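Report on the following structure.
Derivation of every value follows stated rules applied to the coordinates shown; laboratory data play no part. On a predicted model such as this, the values are computed, not experimentally measured, just so you know. FYI the Cβ positions are ideal-geometry reconstructions off the backbone, even for glycines, and counts take in every protein chain you see.
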Amino acid sequence: MPAKLGMSFSAQRGLVSCLIVWHLMNKGVVVKHDFLLAHVDHDESAQVVMAVLSAARRIDDACAHLLARHGLSEGRFAVLLAVSERDDASPGWIAERLGVTRATVTGLLEGLVKSDFVVRMAAPGDRRSHNIKLTEAGVAVVKELVPVYKEWLRQIADKVATPQDIISSLEQLRHNLRSGAPTKGGHESS
């Protein structure tokens, strides 16, 4: 199916990854980050982290607005992109691909079925299982949104540090988090 969407499997995979990363970066981010950012004085490290959190929240809000014009949420768009990657996308595979629970995928699929973006089809050889397929409307919305979404992402990153510098910095932040940086000094975040 990737060829039908006018973009490579790798490009689709990148878009899905971006959606997932932004969703995870934004998870739990609330107004307090703007407040805290204003109160970290001149501690550049704290300012970097708080600015990343604040930017992620704003990106997430803008993305939600962009997708809402097409009757989609980030989660639903991510499901459409995942389904576009293969012709035999099961709900379990979609959940694994997106890093969410199967229950989450079930809820997202309900809305996509009602919007006529996907259909459930009986899985070959197992009447109890089903695969998810894009409808013509689903293929059309993905074809329409992927270039818009790519351009939107490009515009967001325009005139900031080089993309590789940003990626390297964010990877270092992720590494620091995996290494336990948030709890050093014995303080748990709340």
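Fewest-first ordering of Arg86, Arg97 by other beta carbons within 10 Å of each residue's beta carbon gives Arg86, Arg97. How big, in percent, is the set of alpha carbon pairs in region 46-111 lying more than 13 Å apart? Tail fraction, whole percent: 67.
Once the Cβ-Cβ distance of Lys150 and Asp88 is raised to the sixth power relative to R0 = 30 Å, the FRET efficiency obtained is 0.70. Between amide H atoms placed 1.01 Å from N, distances below 5 Å from His130 occur with Ala123, all of them 5 or more places distant or on a separate chain.
Where Lys and Arg each count +1 and Asp and Glu each count -1, what net charge lies around Gly111 among other residues with Cβ under 15 Å from its Cβ? Residues near Gly111 contribute 0 overall. Here the calculated FRET efficiency for His175 and Ala122, from their Cβ-Cβ distance with R0 = 45 Å, stands at 0.50, rounded to the nearest 0.05. Couplings 3J(HN,Hα) of region 137-153, computed from phi: 5, x, 4, 5, 5, 5, 4, 6, 7, 4, x, 5, 5, 4, 5, 4, 4 Hz, in residue order, whole Hz [Karplus 6.51 cos²θ - 1.76 cosθ + 1.60, θ = phi - 60°; x for Gly and Pro].
The calculated FRET efficiency for the pair Val113 and His70, based on their C-beta separation and a Förster distance of 22 Å, comes to about 0.85. Max-minus-min Cα coordinates of region 70-190 on each principal axis give 54, 37, 24 Å, with the largest extent listed first. What is the fewest-to-most order of Leu173, Leu67 by other Cβ atoms lying within 10 Å of their Cβ? Starting with the residue having the fewest Cβ neighbours, the order is Leu173, Leu67. Here the gap between Lys143 and Thr106, fully extended at 0.36 nm per residue and compared with their Cα-Cα distance, gives a gain of 11.0 nm.
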